[in-house]
Structure formats: structure tokens, C-alpha cells
Amino acid sequence: MLNQELKELAIQLNLNNLRDNLDDYLLNAEQSNVSYCEFLKNVFKMEIEEREAKKYKMRLKKASLPYHKDFSDFDFNFQKSISKKKINILCEMQWIDRLFKLILLGPPGIGKTRIMVSLGVEALKKGYDVFFVSMTDLIDILKYRKDSYKYNLLYKRVLNAQVLLLDEIGYLPISKEEANLFFQLISKLDEKVAMVITSNKTFSEWTEFLGDPALATAVLDRLSFRCEIFNLTGNSYRLEKREHLFNE
């Protein structure tokens, strides 16, 4: 009877973890012979941990990451153009609070997106709101947001993110209209949102990609302010680690 009353009180206080695990907590407390204060501390600690885990899952879902990988299994021996020390510094997340842009440049397959996603995961763990979007999908969002509830919702996620992960700038050509929409967004986000950007184009090639020297200069001027550029090199990880059907 008392246990049921405690569960009802837990419901009123919105202590859902305590409600669901009360019997186990009480049994463990009896077996461990802990003090009342220690018992309460453990209950509150586990309640907080459960709430933080739920918040993380919600942030992770909204982030739209293509996959979930942190740096625990990152192959620093393969990608040597960025050191583990620099990654550890980035994982402290001061660059987010200072609204920096991290720009990862280099050919396909060398780990740019992998590094971006792992930085996003680490940011999520520390409570930041993250949103991942490819350049192709971003252009669709910008073009159709006024006529589509779905794209308008995604556009709001872009604007409200504390960390925007923008993947694959320059992989596909865009029109002058699309380039103007992209410039308008970068202007709107400038000094408001931290970003991680990947591109297979050097900055000198962005004029061709954007189709307008003046526009390219304006975009790069905004992106280059509070910016750290990483020029990644190496062979394609997928080609190096590809699996073979036949062993010869």
C-alpha cells in the first residue's frame, strides 16, 4: 500500500523514473543498508540521468544525423592531417560558444563528413541543439519552405540550431537563384550560429560553384570571420578499406 502511495506521489511530481523503478530502488536500498540521505541522493541522481538521456534522444532525433558515431573509434592513423589533440580541443566546444565556423576541405572519402558527424554527436552530448543538412537538401529547403509545411519546419530547425552541420558544399552545381538564397541564409546566420562545413572545393573554386565572383566574395567574407579551416588530405577511406568478393 505504501509503495503504491509513493508511486502516486512520484506521478504527481513527474518523477517518472522513480515511479517505474521504485520497487527495485527500495529492494536495493534494503540490501545495501544505505542511509536515508544516500537513498534520496541516488534516487534524485538516477532521475536526473534518466531525464538527460531522454533529452539527448530528442536532440539526436531532431539533429537528423546520417549516422551516429563519436570519436571513440575514429581512425587517426588513417586521417593524419588533423591531430587527436586538435580534435580533443574541439570537443571542449568553446568554438560553439564563440560562434566559430569549422570548414573541412578536401577530396571525397577522406573523413570530412565523419569528423563533422562526430563533432555533432559530441555537441549533442553536451546539450547543444544540432542540425545536419546536405547542401542539396538545404537548397530544397530554401526554395520550397514558403510552399511546404515540411520544408518550413526544416528551415526553422536550420535557424534555431546552435550548431549547423552543412555537408557537401560544391559537390553539385547550383543556379544563380539558389546561390542568392544560400547567401541570404549565410547572412542571416552570421554571428548567430556555430557551423561545421565540408566541401571538396578550395575557396578559389567557390566562384565557379556559386557562379558570381561578387557573391562568392560576400559568402566567403562571412564564413571566414571567426573561422578555422582544416585542409584534409589523403586517400579515400572507402577505397582503401573496400571489401572484395574474391580473394586472389
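The values are calculated or read from the model by the stated rules, or taken from the named source; none is laboratory data. Here the structure is a predicted model, which is why all the values come from computation and not from measurement. FYI the Cβ positions are ideal-geometry reconstructions off the backbone, even for glycines, and counts take in every protein chain you see. The accessibility values were calculated without ligands, DNA or RNA, using every heavy atom of the protein model including side chains. Shrake-Rupley method; radii C 1.70, N 1.55, O 1.52, S 1.80 Å.
Extension gain, residue 20-residue 218: 0.36 nm per intervening residue step, less the Cα-Cα distance, totals 65.7 nm. The amide H of residue 134, built 1.01 Å from its N in the peptide plane, has 167 as neighbours under 5 Å, considering only residues 5 or more places off or on other chains.
For chymotrypsin sites (Phe, Trp or Tyr not before Pro), the sites in region 70-105 that DSSP calls loop and that have at most 13 other Cβ atoms within 10 Å are 76, 78.
Multiplying the residue separation of residue 226 and residue 81 by 0.36 nm and subtracting their alpha-carbon distance yields 50.1 nm.
Considering only protein heavy atoms and a 1.4 Å probe, what is the carbon-and-sulfur percentage of the accessible area of the chain? Kindly include the intermediate steps, with their values, before the conclusion.
Details: 7660 of 15160 Å².
The C+S portion of the solvent-accessible surface of the chain is 51 percent.
When the surface is traced with a 1.4 Å probe over the full set of protein chains, residue 171 keeps roughly 80 Å² accessible. In the chain, the sites counted are trypsin sites (Lys or Arg not before Pro) in DSSP loop states with at most 13 other Cβ atoms within 10 Å, and the longest stretch holding none of them, exclusive of the sites, is 1-79. Expressed as a fraction of 2.2 N^0.38 Å, the value expected for a compact globular protein of N residues, the C-alpha radius of gyration of the chain is 1.31. Residues 220, 27, 60 ordered from highest to lowest accessible area at a 1.4 Å probe: 27, 60, 220. Per residue, the chain reaches -17000 deg cm²/dmol at 222 nm when only DSSP H runs of four or more residues are counted, each adding -39500 (n - 2.57). A simple spin-label model places pseudo-atoms 7 Å from Cα toward Cβ; at residue 177 and residue 205 they are separated by 2.7 nm. Taking the Cα centre of region 95-193 as origin and assigning +1 to Lys and Arg Cβ atoms and -1 to Asp and Glu Cβ atoms, the resulting dipole is close to 200 debye.
Per-residue SASA remark: residue 115, around 0 Å² accessible (1.4 Å probe; ligands, DNA and RNA not included). If you plug the beta carbon distance of residue 136 and residue 51 into 1/(1 + (r/R0)^6) with R0 = 30 Å, you get a FRET efficiency near 0.25. For the chain, hydrophobic long helices are taken as DSSP H runs at least 18 Å long by C-alpha position along their axis with mean Kyte-Doolittle hydropathy of 0.0 or more; these are 112-125, 176-189.
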